[in-house]
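The values are calculated or read from the model by the stated rules, or taken from the named source; none is laboratory data. Small disclaimer: the values here were computed from a predicted structure and weren't measured. Virtual Cβ from ideal backbone geometry, glycine too; neighbours counted across all protein chains shown. Surface accessibility is based on the protein's heavy atoms, side chains included, excluding ligands, DNA and RNA. Shrake-Rupley method; radii C 1.70, N 1.55, O 1.52, S 1.80 Å.
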Amino acid sequence: AAAASRLPIAAAGSPRLRHGVFRRDGGADGGLKAAFGARGTTTMSIGGVEAPQSRAAQFEENLDKMRAKAVLGGGEKRVAAQHSRGKLLARERLEVLLDEGSFLEYDQLMEHRCVDFGMHEQHFPGDSVVTGQGTINGRLVFVFSQDFTVFGGSLSEVHSLKIQKVMDKAMLMGAPVIGLCDSGGARIQEGVDSLGGYAEIFQRNVLASGVIPQISIIMGPCAGGAVYSPAITDFTIMVEGTSHLFITGPEVVKTVTHEEVTFDELGGARTHSTKSGVAHLTCDNDIDALMRARVLFDYLPLSNTEKPPRRYTPDTRTRFDPSMDKLVPEDPNVPYDMHEIITKLVDDGDYYEIMPKFAQNIIIAFARLEGRTVGVVGNQPICSAGCLDIDASVKAARFVRFCDAFNIPIITLVDVPGFLPGVDQEHGGIIRHGAKLLYAYAEATVPKLTVITRKAYGGAYDVMASKHLRGDINLAWPSSEIAVMGAKGAVEIIFRGRSPEEQAQEVAKYEQLFANPLTAARRGFIDDVIKPADTRLRLCQELDALYHKKLSNPPKKHGNIPL
């Protein structure tokens, strides 16, 4: 409705052309009539005097009609059906996502070229996707929004060409792309043209990866080959209850495997945010998803050639919070919530957590320190004691690589007793998946700042942005323990066969020697031991020093990360 209101409307009392006849608002002819001439002109009779309408005026009138049809989408019935499902229209979504009045549309008049299966009789200007550019808080972004009211949002050759154009422009201009997905899949009537259209988009997703941020918002169905585009993009946001992602639907699954499953159980937002890890965020409705995307966008640079954005904050580095000194329990076996530490460290206690429902034994989030965007990775002691497992390793590895690609410093908060033991983990490939996180940290050239809050045991100590992986600044709290393993386990191996009393004495000696950061500090593996309350100040100071850091990896086509 808002978009339609921008179309030209005749002033009250002025003539309008309706079905070849000019009428006044009152509806009476009033002696005012029109007829179409042989050469594309329109003649208007007023009191018996004929006045031809110019070709340009006629063209403008037809153009207005086409634009109005494009804005209407699939028609009033389909619009009503979309709203009845609690879903916004393609253009309404863009109005929420973008700054008011900033949207510039491309290819509003493009139509499909298919003539098979009666498609030559069905044409909608703009086809089944709305594309263009706009701004979010004044910064450029390219967008596409699939229109489910037109052919179910199915992807045609023209649909793909429109998306390709905005992706190409985004790469050319160095600006992010946000895709709003609501599509039934490939347009079957177009056959291989539709499949080729998907592949063209996938190719652009890959070329844009690490160059410009890409965000997918799933606001309806997304099935079959279409799912691979969101999978390649950097962040996928899903709407609870209305969005679905799957390769094959419930009916195909039942036919092949005889399993009965609902759409939500198979590929709903809850499934992908808690089990598969495909979705980075879930939201209650369309508006919530679009507003969350705006907030996420504000943390990110426009491209890999820029520094992350910085915004003003009254929260200075000198803010002193003595409660930080009491967050970590004295008993190393008592858990605590790493979220509390993050809240007290970052600007205004505000951060944007990614994948909060998946692999909860590790936290990844965007935050700010004195207005500068940083990526935060932290072990979570209240879940699996903060151990690294398959899902946690993959979750954190991709986040680290994103931050590295887009010049975002990484803050790592370490409290990790090691990798999670178990047959399932070993058979599931914990060696290969754990190596992904090690590889991501080792490869990263952005500023890497690490704070060990308590445990840093075994290989997990190495993996979590240790000094040995080119960590720029590695700090430890007095409560930290840096060792191969916990005291009890180490003594049981070293002093196997000794009496319990003797082992207890050796445990005390081991703890005195290794249950503190001094040994690591003496060897230069820790740059300093600081009080928890001084952590924010120290991190801000180190970020200042590292602002112009320059580090590059050896020339190569690309590394071979253990996928």
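A few comments on the model shown:
Each row is one residue, and each column tells you yes or no for (1) hydrophobic (A, V, I, L, M, F, W, C); (2) closer than 17 Å to Gly153 by Cβ; (3) at pLDDT 85 or above; (4) open to solvent by less than 90 Å² (accessible area, probe 1.4 Å).
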site	(1), (2), (3), (4)
Thr43	no, no, no, yes
Met66	yes, no, no, yes
Gly74	no, yes, no, yes
Ala80	yes, yes, yes, yes
Arg91	no, yes, yes, yes
Glu100	no, no, yes, no
Arg113	no, no, no, no
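So that you can scan it fast, the table gives a plain yes or no per residue for (1) surrounded by 13 or more Cβ atoms within 10 Å (Cβ to Cβ); (2) of a type outside the set (Val, Ile, Thr); (3) in contact with an Asp or Glu (Cβ under 8 Å, 6 or more places away or on another chain):
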| site | (1), (2), (3) |
| --- | --- |
| Thr257 | no, no, no |
| Thr262 | no, no, no |
| Leu266 | yes, yes, no |
| Arg270 | yes, yes, yes |
| Cys283 | yes, yes, yes |
| Ile287 | yes, no, no |
| Leu290 | yes, yes, no |
| Leu300 | yes, yes, no |
| Thr305 | no, no, no |
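To keep it simple, each residue is scored yes or no on (1) of a type in the set (S, T, N, Q); (2) in a helix (DSSP H, G or I); (3) modelled with pLDDT of 95 or more; (4) open to solvent by less than 40 Å² (accessible area, probe 1.4 Å).
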| residue | (1), (2), (3), (4) |
| --- | --- |
| Ile411 | no, no, yes, yes |
| His427 | no, yes, yes, no |
| Arg432 | no, yes, yes, no |
| Lys436 | no, yes, yes, yes |
| Val451 | no, no, yes, yes |
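- Options Phe144, Phe202; residue that is open to solvent by 10 Å² or more (accessible area, probe 1.4 Å), without any contact (Cβ under 8 Å) to a residue 40 or more places away in the chain and closer than 19 Å to Met110 by Cα: Phe144
- Elements of type strands (runs of 3 or more DSSP E) in the stretch 320-401, at least 3 residues being more than 19 Å from Thr535 (Cβ to Cβ), of a type outside the set (Lys, Arg) and in contact with a helix residue (DSSP H, G or I) (Cβ under 9 Å, 6 or more places away or on another chain): 351-354
- Residue among Asp350, Asp331 that is at pLDDT 95 or above and either within 20 Å of Ile212 (Cα to Cα) or of a type outside the set (S, T, N, Q) (or both): Asp350
- Residues being surrounded by 17 or more Cβ atoms within 10 Å (Cβ to Cβ) and at pLDDT 85 or above - total across the stretch 477-488: 7
- Pro230 over 22 Å from Leu543 (Cβ atoms), open to solvent by 70 Å² or more (accessible area, probe 1.4 Å) and in contact (Cβ under 8 Å) with a residue 12 or more places away in the chain: no
- Candidates in the stretch 272-281 are the residues that are of a type outside the set (Val, Ile, Thr) and not in a loop (DSSP other than H, G, I, E, B); of these, the one that is surrounded by the most Cβ atoms within 10 Å (Cβ to Cβ) is His272.
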